[in-house]
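Undergrad: Could you have a look at this structure, given as structure tokens, before my questions?
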Amino acid sequence: MNQLNPRPTKALITGGAGFIGSHLAAHLLEQGQEVQVIDDLSTGSMSNINHLKAHAGFGYTIADVRDEPLLAELVDGAEVIYHLAAAVGVRLIVESPVKTIETNVGCTEVVLKLANKKGKKVVVASTSEVYGKNEDVPFKEDHDLVMGPTIKARWAYACSKAIDEFLALAYHRARGLPVVVVRLFNTVGPGQTGRYGMVLPTFVQQALSGQAITVFGDGSQSRCFSEVGEVVAALAALAQSQAAVGQVVNVGSSQEISIMELAQLVKELAGSKSDIRLVPYEQAYAEGFEDMPRRVPDVTKLQELVGTVPQMGIADIAKSVIRYYRER
Ligand code: UDP
């Protein structure tokens, strides 16, 4: 049986103007919770939260999470903190390595320190990137993390998020702070921008504009895509689960698709005449870039903790993203 806490009613979302954070804000507001968002708009955008502003239970602050006096006040007013503020997207990570490490580690340090002072629960967003080059799919939360060398910028992201996980779990073990670490797998849906290199919005925009759909490598690499609404519902449910405290939990879908199949699917669903073009990795990213051939979550733990896992198939998700871009 799932043990549920009394439902928290006041949430703080760091990175709440981002793609996942803004969907989480909308979900919590729908549940009748009060939601405060802090975001520096580095990759987030006001357009993600403009529609929430009219809601009486919603508030937002545009600032860096590392503004400690400000964050302390926001933490004070919250019952649960969803820490989503981070440098995201492979392109950004390769292009801005210093910012990636400083943001990911620095923000988490401040959030955990202040939450610990007040004994507030923290849901820390981590990433499937931490499994690195492990090829032993599906990935279980206690599997080894297999990182590449420090000379390859991509691994800075995985390592910075692994440090976040270590720090959160250390606060839990050593200081009793209630934390839940969630490893998010490829999360997609309406509202996601292709600006930071994410594949589905990129393919949809290419297909709708008649540009070539750019498949990196030979397209045989695969991913499991989950729909953002289902992902944020899982985060909200995990925040209420007493059994999830102190745990690392994969959040994603186990339905796998190759990137070439994804390109073909998007082209077909969009009724597009775009060519599908193979782009060598060296051209797409920096020299020596390493991509993961497969990334599949084991979602047994999520199922046990909250009684459900993301279900929506990639065709339905792609249709909703195509609709979103058509309407813009
Ligand atoms: N990808 C691609 N074309 C693009 C963008 C991404 O083929 O225009 C590939 C990328 O190399 C990776 C997969 O799609 O194999 C997923 O990329 P994304 O950046 O969305 O997420 P990742 O799984 O790398 O974090």
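Undergrad: Ignoring everything except DSSP H segments at least 4 long, calculate the 222 nm mean residue ellipticity for the chain; use -39,500 (n - 2.57) per segment, divide by total residues, nearest 500. All intermediate terms of the calculation are to be shown ahead of the outcome.
TA: Numbers: 12 runs with 135 residues, N = 328.
For the chain, the value works out to -12500 deg cm²/dmol.
Undergrad: What lysines could a cross-link reach from Lys161, if we take a straight Cα to Cα line under 18 Å and drop same-chain neighbours fewer than 8 places away?
TA: Partners within reach: Lys99, Lys113, Lys133, Lys140, Lys152.
Undergrad: Same structure, new question: Could you derive backbone 3J(HN,Hα) for the stretch 14-26 from the dihedral phi with the Karplus parameters 6.51, -1.76 and 1.60 (θ = phi - 60°), listing whole Hz in sequence and x where the residue is Gly or Pro?
TA: 7, x, x, 9, x, 4, 6, x, 6, 5, 5, 4, 4
Undergrad: Over 33 Å, how big is the tail of the calculated P(r) for the chain, in percent of all Cα pairs?
TA: 21 percent
Undergrad: Collect residues whose amide H, placed 1.01 Å from N in the peptide plane, falls under 5 Å from the amide H of Val88; neighbours closer than 5 in sequence don't count.
TA: Here the answer is none, since no amide H 5 or more places off falls under 5 Å of that of Val88.
Undergrad: Determine the relative contact order of the chain: mean sequence separation of Cα pairs under 8 Å and six or more apart, normalised by residue count, in whole percent.
TA: Details: 661 pairs, mean separation 62.4, N = 328.
In percent, rounded to a whole number, it is 19.
Undergrad: Non-local amide H neighbours of Phe216 (under 5 Å, H modeled in plane, Pro and chain starts lacking H): which ones?
TA: Val279
Undergrad: Could you list Ser254, Ser47, Ser241, Ser160 so that the one with the fewest beta carbons within 10 Å of its beta carbon is first and the one with the most is last?
TA: Numbers: Ser254 17, Ser47 11, Ser241 20, Ser160 24.
Fewest to most other Cβ atoms nearby, the residues stand as Ser47, Ser254, Ser241, Ser160.
Undergrad: To continue, here is another question. Using θ = phi - 60° and the Karplus relation 6.51 cos²θ - 1.76 cosθ + 1.60, list the HN-Hα couplings for the stretch 57-70 in order, rounded to whole Hz, with x at every Gly or Pro.
TA: So the J values, rounded to whole Hz, are x, 10, x, 9, 10, 8, 6, 7, 4, 7, 7, 4, x, 5.
Undergrad: Additional query: Gain in length, Ala56 to Ser96, computed as 0.36 nm per residue apart minus the alpha-carbon separation, to one decimal in nm?
TA: Values: separation 40, 0.36 × 40 = 14.40 nm, distance 3.72 nm.
That pair, Ala56 and Ser96, stretches by 10.7 nm at full extension.
Undergrad: While we're here: Using amide H atoms built 1.01 Å from N in the peptide plane, name the residues 5+ places from Met147, or on other chains, whose amide H lies under 5 Å from its own.
TA: Answer set, sorted by chain and number: Lys133.
Undergrad: Within the stretch 16-115, which trypsin sites (Lys or Arg not before Pro) sit in a loop by DSSP and count at most 10 neighbouring Cβ atoms inside 10 Å?
TA: Those that pass, being in a loop and sparsely packed, are Lys53.
Undergrad: Sticking with this one: How far, in nm, would the chain grow between Arg326 and Ala72 when pulled straight, counting 0.36 nm per residue and subtracting the alpha carbon separation? Kindly include the intermediate steps, with their values, before the conclusion.
TA: Values: separation 254, 0.36 × 254 = 91.44 nm, distance 4.14 nm.
Stretched fully, the Arg326-Ala72 segment lengthens by 87.3 nm.
Undergrad: With both bridge residues required to lie in the chain, what share of the DSSP beta bridges run antiparallel, to the nearest 5%?
TA: Working: 4 of 40 bridges.
Percent antiparallel among DSSP bridges in the chain is about 10.
Rule-based calculations on the coordinates, nothing more; no lab input. Computed from a predicted model, the values in this text were never measured in an experiment. We place every Cβ from the backbone using ideal geometry, glycine too, and count neighbours over all the protein chains shown.
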